[in-house]
Amino acid sequence: MIPGAFEYHRPETLGEATGLLSQLGDSARVLAGGHSLIPMMKLRMAAPEHLIDLAAIADLRGIAVGDDIRIGAMVTQAELIAHDGLAAACPLLREAALQIADPQVRYVGTVGGNVANGDPGNDMPGLMQCLGARYSLAGPGGTREVAARDFYISAYETARADDEILTGILVPHPAPGTGYAYEKQKRKIGDYATAAAAVTIGRNGASVAMTNLADRPIWSEAAGKALAAGDAAGAVAAALAEIDPGDDNRGPAEFKRHVAGVMLRRAIDRARARMG
Amino acid sequence: MAKMHVKMTVNGTQVEALAEPRTLLIHFLREELGITGPHIGCETSHCGACTVDVDGRSVKSCTMFVGQANGASVTTVEGLVNPDGSLGVLQEMFREHHGLQCGFCTPGMITRAHRLLQENPNPSEEEVRFGMSGNLCRCTGYQNIVKAIMAAAAVLRGEKEAAE
Amino acid sequence: MNEITPTPAERAEKLKGLGSSRKRVEDVRFTQGKGNYVDDIKLPGMLFGDFVRSPYAHARVVSIDAEAAKQVPGVVAVLTAADLAPLGLHWMPTLAGDKQMVLADGKVLFQGQEVAFVVATDRYAAADAVELVEVDYEELPVVTDPFKALEPDAPVLREDIADQKEGAHGARRHHNHIFTWEQGDREATEKVLAEADVVAEEMIYYHRTHPCPLETCGCVASMDKVNGKLTVWGTFQAPHAVRTVASLISGIAEHNIRIISPDIGGGFGNKVGVYPGYICSIVASIVTGKPVKWVEDRMENLMATAFARDYWMQGKIAATKDGRITGLWCHVTADHGGFDACADPTKFPAGFFNICTGSYDIPVAWLAVDGVYTNKAPGGVAYRCSFRVTEAAYLIERMIEVLAIKLGIDAAELRRKNFIRKDQFPYRSALGWEYDSGDYHTAWDKALAAVGYEDLRAEQADRVESFRRGETRKLMGVGLTFFTEIVGAGPVKNCDILGLGMFDSCEIRIHPTGSAIARLGTISQGQGHATTFAQILASEIGIPADNITIEEGDTDTAPYGLGTYGSRSTPVAGAATAMAGRKIRAKAQMIAAYLLEVHDDDVEWDVDRFVVKGAPERFKAMAEIAFAAYNQAIPGIEPGLEAVSYYDPPNMTYPFGAYVCVVDVDVDTGQVDIRRFYALDDCGTRINPMIIEGQVHGGLTEALAIAMGQEIAYDELGNVKTGTLMDFFVPTAWETPHYETDWTTTPSPHHPIGAKGVGESPNVGGVPCFSNAVNDAFRAFGHVHAHMPHDHWRVWKIAHDLGLHG
């Protein structure tokens, strides 16, 4: 498994990076941690002529817990897990990140890469939808923000324009006492979810998102509303009405639908138990 | 494609070379530098046989381009022997507790365990199993690997003698 | 005297011989990354080979255009079948008496089949060129189901032999039929079934899987045109057999071929076969005059080299009302893929599957195996087992459970009732094997006592009640297995591979200063031969194991042997080692007697020396004897101290074991937690307990993988669905449980040191044990049998079909 040839770029500023991206167009791909892109390149299912490595751009790093929580796109899962301030402010992030891939992949795999590439198997997108996060995007025309809940269109298709770079994630502080849980069933460490559910329940409402059960993460407004009203069964029914799992090696859709209900129910129970 | 100039510190030695940008770090280490401890097992970042330490992170070097490690400090299993050439504590404990059989996963295992113990000097068995879950072994069933790492942790904490 | 001379026990301990948990000598290299595996080999001017493989499972190859590929800088050659045909190397013989295409000759029969071989100056250029080879395929109808393959109008897969009514193993009754192998007494068995109180019947499928060693297969072929010598380093579990086969098919004289197995990163049967990559590398080296390396990647490994299992086993077992088994009937439909490349001894096209009467005294039995071609990869190797014994053990250990359910008898009791008794050994089974030794009742009772079997059953019954009351959603399963292995192939009169008798060998040279080197015909792939064979010798010749070098894998230096698989190294090469050691000792005795100036018969062996009978203070230690062998002119004795033994075992060995597994099954998700796994193994004399325990842990983990999810799955178009380690299940440390190990010791009566072999036992016994545990969890709800692998959705489906999801 050998990737095709490409030219390697390592810009040190965001402006340089977006400049390269507009200049090189379709022939370029942005490289974050690379744990999605590099295997695709080795399988020759992706063959960019230019790779723009974002690793040297200091602005894309760092976690800031202020009015909002800001996570730089190039923050790795391991950095996210290790950040105690973040874990105190939004413990759901650490709980979910520990269920992603394996230790080595988490050292290199980035939060930005996980949310940006539109792989329905990734865990962070549903999680960010659940948390009501917004993504910062930078392009030739400047910067903009898109809500995670509006970002995902279908598999590998997102609201990010080809000449934009996702630079960071803004997560609102969960209200004090918010209960949370991320429940994920997988075949083994390193696998994508057979089904996973992210749940928060707090004073200001509840939020429910599901992972790898459609061609995009599913945030269910109706499920959140039902849950906020205390109707767990209704929340599960509402979420299941919105997912559309396919058959794969993890099992047929019927099975996944069932497991999705189980994961969501368990996440709800655990989140409720954690409410302050 | 033009070759790029690559510079890194590998096991304490500064190395410089020209490499195609698409060169994977594992191939750079093995083919260019002749460091054949890290192995290629799955090529899709699942098995961990290629694990090396890059700037204090355990990395699967089959899924990293050489450019991504440019300027980095890289440690492989070869770099974990004692300065006098004797086996390092983890290496010695893997031997002592039969934590290897065919030896193919071992360099990645030991390199990963090194970082794990740097971050958590006193892990529980469960933490070792979770912390080592990015490395596959087909021979040992992991039980003696876990035992070896727990023993190494005890030695490194000064609670146990390394000698047999 | 005693103050100076250590006691015999102290001297024996220093030898680190039999029974010592000696640390492995291999590990000093391996732990610091100084192993030397095939991909570590780098020769001046070395080229790299890479395959163009078929994306289709069945297609005609209309044309191959390699012009663009040849333009890639660094590409030296692109080989196709047309290039190999003039050399007669476009097809090669398989170990099973069939032939296999080296490169696609007109058509392809499985996805991933080798179509063209690109040779370039580095692996990157080769990979680039592979992308540019244009192959025009015409798709043909695909058959992946062996039952459909035998339908009258099924597509003809093997056009080359479509009209042949006779195959390597007798009559062929259909164009996709390979052989029928029949054993036992059909008439008598069917009569017993017809008259039995109870007959339990079940179709048991042992799915297709793959040995998947962490190192894939590969080689470096180097043809030295100056001296006419071909050297091939490769991942070969049987280097000498590879040399002979290479000579026979290439026409190169055998003395001009040197095969070297360097360190091997696990084999598990994957590295027994001969693969197109080896042939193409050799040809490419001959053509280019340069060394050529080929190392497959993981997807190629899973797709194209050496699957295992894929047996559809229809079983019928007859018994009296009170649980005495009276007969076993079995028909197997064996899916062999596009070519019959099974790695079995020649006379055994279904391996030793006729060990399927297991550990039980079954008076009459019959079995037939039909081998079938399909559009899947060839192979059928013994994945950590001795030639289909895993399938056999799985069949009988599932059938016992099915019978226990039908009879309403506890499965542990049913086993106990039918075990071959200790006093029946040597025991001749209904299907023709002579079991060497065993004490099954003792082992079984020890195992059941260790796990508290009665309490487990009581807890399980309570759990079922709690479940019915809605207090829990987890069921508990207790998996039992008592297995008998058959290893150590084997007697040359029965067992050969391509006509090569399955003996093995050891050659020993004692150096003047009393250290030694021993070379064997086997090759370690992680089993620790360099450690354990030295221990056998240490006990035989009184030289400390630390002073004995063990060397394997170089056909220019090692004596001829059939290699390492089927747990045969200890039973066969281990025996050769002991026998060669005894030859050394016999000569040493004469030398010692000469030095002590007594008659040969007046000295006796004492741990590490010969002593004068009745005068232990007069002795010659082995080191002294060795020196004398090289510096004294002893009348009637040749100088030197060397010996060689070629050992043809009189029988197989029959290790056995008792395993118990306790699981908790989440009915709603299909997840199975292994709460406890207890493994008692009896491998006869125990050479190195530490290594035995390691083998058991490893074999159980491979069993866990196979039982719980590991499969090579195909879709209806013959596409491999499990081609990477994302989908091909290999458990991590996280999914793997902690194992409890135990043992009894029943030596083999015919093996020189009583050892039986252990490497494969835990896989043979582990798979049915995990599977029985999962099936057992649902027994209270009327469930009888579900096929492996027991991955989440299949376990969930059992619950679903039983109506447990409400």
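The values are calculated or read from the model by the stated rules, or taken from the named source; none is laboratory data. This one's a predicted model, so the numbers in the text were calculated from it and none came from an experiment. FYI the Cβ positions are ideal-geometry reconstructions off the backbone, even for glycines, and counts take in every protein chain you see. For the accessible areas, the whole protein counts, side chains as well, though only heavy atoms, and no ligand, DNA or RNA atoms are used. Shrake-Rupley method; radii C 1.70, N 1.55, O 1.52, S 1.80 Å.
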Which numbered condition A:Gly118 misses (of (1) open to solvent by 20 Å² or more (accessible area, probe 1.4 Å); (2) at positive phi; (3) not hydrophobic (A, V, I, L, M, F, W, C)): (1)
Residues satisfying the stated conditions in segment C:759-806, i.e. among the aliphatic types (A, V, I, L, M), open to solvent by less than 10 Å² (accessible area, probe 1.4 Å) and part of a loop (DSSP other than H, G, I, E, B): C:Met788
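Results for (1) among the aliphatic types (A, V, I, L, M); (2) under 32 Å from the mean Cα position of the chain (by Cα), shown as yes or no for each residue.
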| site | (1), (2) |
| --- | --- |
| C:Val108 | yes, yes |
| C:Glu139 | no, no |
| C:Val143 | yes, yes |
| C:Pro146 | no, yes |
| C:Glu159 | no, yes |
| C:Ala171 | yes, yes |
| C:Gln183 | no, yes |
Selection within segment A:215-245 - open to solvent by 20 Å² or more (accessible area, probe 1.4 Å), in a loop (DSSP other than H, G, I, E, B) and in contact (Cβ under 8 Å) with a residue 12 or more places away in the chain: A:Asp215, A:Arg216, A:Asp244
Odd one out for C:Thr532, checked against (1) open to solvent by 10 Å² or more (accessible area, probe 1.4 Å); (2) β-branched (Val, Ile, Thr); (3) without any contact (Cβ under 8 Å) to a residue 60 or more places away in the chain: (3)
Filter result (part of a loop (DSSP other than H, G, I, E, B), open to solvent by less than 10 Å² (accessible area, probe 1.4 Å) and out of contact with any helix residue (DSSP H, G or I) (no Cβ under 6 Å at 6 or more places or on another chain)) within segment C:323-342: C:Gly338, C:Phe339, C:Asp340, C:Cys342
Lone unmet requirement of (1) in contact with a strand residue (DSSP E or B) (Cβ under 9 Å, 6 or more places away or on another chain); (2) over 26 Å from C:Cys212 (Cα atoms) for C:Cys356: (2)
Counted residues, segment A:135-190 - those being part of a strand (DSSP E or B) and aromatic (Phe, Trp, Tyr): 4
Flag if C:Arg463 is at pLDDT 95 or above and surrounded by fewer than 16 Cβ atoms within 10 Å (Cβ to Cβ): no
Counted residues, segment B:8-27 - those being away from every other protein chain (no Cβ under 11 Å), surrounded by 12 or more Cβ atoms within 10 Å (Cβ to Cβ) and not polar (S, T, N, Q): 4
Whichever residue in segment B:121-136 is more than 7 Å from chain C (Cβ to nearest Cβ), open to solvent by less than 40 Å² (accessible area, probe 1.4 Å) and not small (Gly, Ala, Ser) and, among such residues, is nearest to A:Tyr107 (Cα to Cα): B:Asn135
Subset of segment C:679-697 (residues that are away from chain B (no Cβ under 11 Å) and surrounded by fewer than 21 Cβ atoms within 10 Å (Cβ to Cβ)): C:Thr685
Any chance B:Gly108 is touching a Pro at 6+ places or on another chain (Cβ under 6 Å), more than 7 Å from chain C (Cβ to nearest Cβ) and in contact (Cβ under 8 Å) with a residue 40 or more places away in the chain: no
Residue satisfying all of: in segment C:285-310; under 25 Å from C:Thr231 (Cα atoms) and hydrophobic (A, V, I, L, M, F, W, C); most open to solvent (accessible area, probe 1.4 Å) among these: C:Val287
Breaking point among (1) crowded, with 21+ Cβ neighbours inside 10 Å; (2) more than 17 Å from A:Val105 (Cα to Cα); (3) in contact with a strand residue (DSSP E or B) (Cβ under 9 Å, 6 or more places away or on another chain), for B:Asn70: (1)
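Here is a yes/no grid of residues against (1) more than 14 Å from chain B (Cβ to nearest Cβ); (2) within 23 Å of the chain's Cα centre (by Cα):
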{"site": "C:Asn719", "(1), (2)": "yes, no"}
{"site": "C:Thr732", "(1), (2)": "no, yes"}
{"site": "C:Tyr739", "(1), (2)": "no, yes"}
{"site": "C:Trp743", "(1), (2)": "yes, yes"}
{"site": "C:Pro747", "(1), (2)": "yes, yes"}
{"site": "C:His751", "(1), (2)": "yes, yes"}
Unique match (being of a type outside the set (Lys, Arg) and in contact with a Phe, Trp or Tyr (Cβ under 6 Å, 6 or more places away or on another chain)) among C:Phe627, C:Phe656, C:Phe677: C:Phe677
Residue ID - surrounded by the most Cβ atoms within 10 Å (Cβ to Cβ), chosen from residues in segment C:244-265 that are under 22 Å from C:Glu551 (Cα atoms) and in contact with an Asp or Glu (Cβ under 6 Å, 6 or more places away or on another chain): C:Gly265
One residue from C:Glu159, C:Glu195, C:Glu131, C:Glu151 being outside the structural domain of C:Leu79 (by TED's automatic domain parsing), over 24 Å from C:Asp98 (Cβ atoms) and modelled with pLDDT of 95 or more: C:Glu195
Residue among C:Asp98, C:Asp27 that is acidic (Asp, Glu), under 29 Å from the mean Cα position of the chain (by Cα) and closer than 28 Å to C:Leu214 by Cβ: C:Asp27
Answer residue from segment C:206-251, given it is aliphatic (A, V, I, L, M) and at pLDDT 95 or above and is farthest from C:Ile282 (Cα to Cα) among those: C:Leu214
